[in-house]
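Inspection log for the structure reproduced underneath, given as structure tokens.
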Amino acid sequence: MLIKSIELKNFRQFKGKQKIIFSTNKNDNITVIKGENGAGKTTLLEAFLWCLYGELNLPNKEKILTEDIGNELKPNDTEDVFVEVNLIHHNKEYIMRRLHSFMKLNNGDLDRVSKIEKVLLKNPDGTLTENIDKEEIYNILPDELSTYFFFDGERIENLSKANREGKKDISNAVKNILGLDILLDAEKHLKKIIKEFEDEYSEDNQEEMKQLKNDLEDLRSKKDNFKQLIETKTEEKEILNFKIEELNEKIKKNSSAQKDQQLREKYEDQIYNNKEDILSLKKDIEKNNKNSFPEFLANKLIDLCSDKINLSDIETKGILGIDGSAIDTIIKRGECICGQKVVEGNKNYKNLVEQKEFQPPASLGTIILQFNSQTSEVKKTGEDFFEDFKGKYISIEKKRDSIENLNKEINNISDRLKSAEDVKSLEVKRETKKDELQKIQNEIIQYTSELNIIESTIDSKESELDKLALNNNKNNKIAIRKAYTAELRKKIKKYYEKKENQIRQDLNKQVGKIFKQLIETNHQIKINDDYTFEVVDIDGNTSTSQGQNVITSFAFIGGLINLAKDKLDDIEVTEPYPLVMDAPFSKLSNAHRENVIKLLPEIAEQFILFTVDSQFDGEVEKTVQPKIGQQYNLKMHMDNKKYTEIIGG
Amino acid sequence: MLADNVIFYGDTANKMRFLKDETNLFSRFLDVYIAGGVVGMLFNQKGENNVTNNKATIFADQISTESMRIKYFSSLAFIIDNSDLSEEILLKEAFSDWFSENYDQDSNNNKYKLFQSYAIGGIDILYDEIVGEATDKESYLYNFYKFIKKIENENIDDEMDRAILGGLMS
Amino acid sequence: MSDLDIDQNTLEKLITKIIKLEKKFANKRGMLEREKRSEIKKLIEQEVEVNAD
């Protein structure tokens, strides 16, 4: 799909009839629209979306008629607002027209008196076919995917930092492109149905069931509270992190503090790693305790036990694995496992009958064998327990010491930085924020552990409830249905996650590929499961820089567009698509700029770039110039009321 | 008997909960139970399970995941506890359900009930040793280390040793 | 609840039917969540009833 033109009449600040014709030419496929902030770039984008989908995302959205025009109307006069968009798709030209008529009432208000939305098809001979189904526009560019072809400055910024908004942007994209909202709905419904089944449990006289249900009600609302708290605190934490980052940047800029700041950051990383190690060691300890602590203790008792009964004596008489009934079977069969005949009275028969005396339940010798062999297992398992634990414990202590020393060093650095005149106040601010951050992190840890306890209590109470419920036949049926419902939910969730992963991996690949082509140096982008990312150099060290941020955005934008295109693509034809965005060129280095220009054709086939006047001259213009097919200016007029005039073409 | 839920009440339940949730040393109630049982055996400390409203339940299907271990330790407990029985009866009672399911259920209960009562005593000891007066996770870990170090250095050669150790521990 | 045996065939049949239902719901703009849930629940009761006998 390519955008051919947009024509506006009296739409918000665009007074009168104004038109922009976009370049649809393959080679110079860039249309530049210059305009100061506030000149109407956002309104222009919104006009496009209003025309196509009837939605408007601006303040005072009922007021679409240009204010000037509206004021000048006399009672009973009418005036139109329309936006007409020409699109080219599959070599066919579509015209989408949306028109609203307004009449001035006697009391001075404006009333909408009619609205028209029309889709027309322009035939090769120039004639127009009317009454094309509106659905066609939705098929060309669905509402929810339109956002992947329009990127404003703020979104570009968010994508480059993978902050909360940026991550949400991408995770929503994955969700939209996945198009499996039905599964999400099913999962949501099934979750509630499980609770509905639970409510159906007949309690009869069981006070306990009633109590459990009440408890569960309480616990579940507590759980929601904690979840909400954790979310809120996590948001606060992110904001704080962002602010601390900003302060770090400022402090870094100061040359005398730079080295210290870098050292401090290095120490902070080391502290983080040590803390992670400690957590993992503690988990190991817990696991070890589960597997060998009782055995370690039992070891001490083994001697005591062997004091009481002499087991080895009895041991030799039994044969492991064969019991009395097995011997009976062999005798009945008349033939032993080894092939020899067993007949009443013969040697084999006599042996077997004798052996039977020593097999359970006739004799305990076999059992003693079993017991002794388990005892040796216990011995083995318990032997290493202490040394294992000791090793881990010492590691933990060493790491804690490390952390303490590093903290001391960090405090020294912070003191030094505090006394440096030019960064004094910044340092103080930073430290305050860090304290706040620590407090919030502690709160999050506390809430999370309380949440875990609540969740496990909920699990055990649910089990209890289910078990009590089974005491009654009617409940039995309900319990079975509930179990099926839970299983259904589980399966659906699993499937959804599998598909989501596939798309995420696709996105990773696309983004990585584009990033590699744009970046001058040997950096690579590494994207995580939660859509945070790192840019790493050859040694695996993280790096950030302004220009790099822009490259990162482009890589994400390119990746998202490819995903969206994949979804829209027809099997036979590779359809071109446009990209409408705020031009970020001023932040790029020359080399990067050239790479971006070179790569643009691979990301989209048509570019509509908005730029603030001052950004777009000199060096930048030179690089981009050859590819500009059309150029416009959004001129702001500040006479009576503000309005915008489109100049150029 | 291994097919039933195991329930602890009152103070014991509270201590179990604390050991499981707050110390990062035990993942499940089941782990506290088994460890508690062997600790109780080691120091000859038993306790009584008085039914109250406050309880901690270990469900049968979880018990079945460790049934071999519980069977072993319970048999061990029985052997150690019943020195006055004749060898033949001792063995019969201690191992009655090791191969056959349908052995005399009632006498079967004894060793499992015994293990449970050791667990109650053992959980008391674990709580006192690991938690005591401390209030933070670092202290719990350190106390645990001291506890097992003490045990590592002990050797129980006879009943008297165990009795003395038990006395020192309570 | 390990003593409840979940029949995989029934489960698979149910999943298909439920997803089909959800698809139907997606096209019905005015339908309340409550109504959607009750239809799904009825379906489960129907299908599982047959096997529980």
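The values are calculated or read from the model by the stated rules, or taken from the named source; none is laboratory data. Note that this is a predicted model, so its numbers are computed, not measured. Don't worry about glycine lacking a Cβ; one is built from the backbone with ideal geometry, like all the others, and counts go over all protein chains shown. With ligands, DNA and RNA removed, areas are computed over all heavy atoms of the protein, side chains included. Shrake-Rupley method; radii C 1.70, N 1.55, O 1.52, S 1.80 Å.
Laid out as a table, the results:
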| read-out | value |
| --- | --- |
| Condition met for residue A:242 (within 24 Å of residue A:527 (Cβ to Cβ) and touching a Leu at 6+ places or on another chain (Cβ under 7 Å)) | no |
| Selection count, the stretch A:279-307, where residues are of a type outside the set (Ser, Thr, Tyr), surrounded by 20 or more Cβ atoms within 10 Å (Cβ to Cβ) and more than 9 Å from chain B (Cβ to nearest Cβ) | 1 |
| Residue that is surrounded by the fewest Cβ atoms within 10 Å (Cβ to Cβ), among those in the stretch B:19-38 that are more than 12 Å from the chain's Cα centre (by Cα) and not in a loop (DSSP other than H, G, I, E, B) | B:21 |
| Residue B:16 vs. criteria more than 11 Å from chain A (Cβ to nearest Cβ) and in a helix (DSSP H, G or I) | yes |
| Selection from the stretch A:634-649 of residues that are open to solvent by 60 Å² or more (accessible area, probe 1.4 Å) and farther than 16 Å from residue A:29 by Cα | A:635, A:636, A:638, A:639, A:640, A:641, A:642, A:645, A:647 |
| Flag for residue B:80 being open to solvent by less than 20 Å² (accessible area, probe 1.4 Å), within 8 Å of another protein chain (Cβ to nearest Cβ) and over 12 Å from the mean Cα position of the chain (by Cα) | yes |
| Condition met for residue A:454 (farther than 23 Å from residue A:278 by Cβ, touching a helix residue (DSSP H, G or I) at 6+ places or on another chain (Cβ under 8 Å), among the aliphatic types (A, V, I, L, M) and within 14 Å of another protein chain (Cβ to nearest Cβ)) | yes |
| Conditions (1) hydroxyl-bearing (Ser, Thr, Tyr); (2) in contact (Cβ under 8 Å) with a residue 60 or more places away in the chain; (3) assigned to a helix (DSSP H, G or I); number of the one not met by residue A:202 | (3) |
| Test: residue in the stretch A:526-543 that is on the phi > 0 side of the Ramachandran plot and at pLDDT below 80 | yes |
| Residue within the stretch A:483-505 that is open to solvent by less than 70 Å² (accessible area, probe 1.4 Å), β-branched (Val, Ile, Thr) and part of a strand (DSSP E or B) present | no |
| Subset tally (residues that are at pLDDT 85 or above and within 17 Å of residue A:490 (Cβ to Cβ)) for the stretch C:15-46 | 4 |
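For every residue, the table says whether it meets (1) assigned to a loop (DSSP other than H, G, I, E, B); (2) of a type in the set (Asp, Glu); (3) not assigned by TED's automatic domain parsing to the domain that holds residue A:389.
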position	(1), (2), (3)
A:218	no, yes, yes
A:250	no, no, yes
A:273	no, no, yes
A:279	no, no, yes
A:288	no, no, no
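Per-residue answers, yes or no, for (1) away from chain C (no Cβ under 14 Å); (2) not acidic (Asp, Glu):
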{"position": "A:414", "(1), (2)": "yes, yes"}
{"position": "A:440", "(1), (2)": "yes, yes"}
{"position": "A:443", "(1), (2)": "yes, no"}
{"position": "A:474", "(1), (2)": "no, yes"}
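Yes or no, residue by residue, for (1) at pLDDT 80 or above; (2) buried (at least 17 other Cβ atoms within 10 Å of the Cβ):
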site: A:126; (1), (2): yes, no
site: A:129; (1), (2): yes, no
site: A:135; (1), (2): no, no
site: A:139; (1), (2): no, no
site: A:148; (1), (2): yes, yes
site: A:151; (1), (2): yes, yes
site: A:158; (1), (2): no, yes
site: A:161; (1), (2): no, yes
site: A:164; (1), (2): no, no
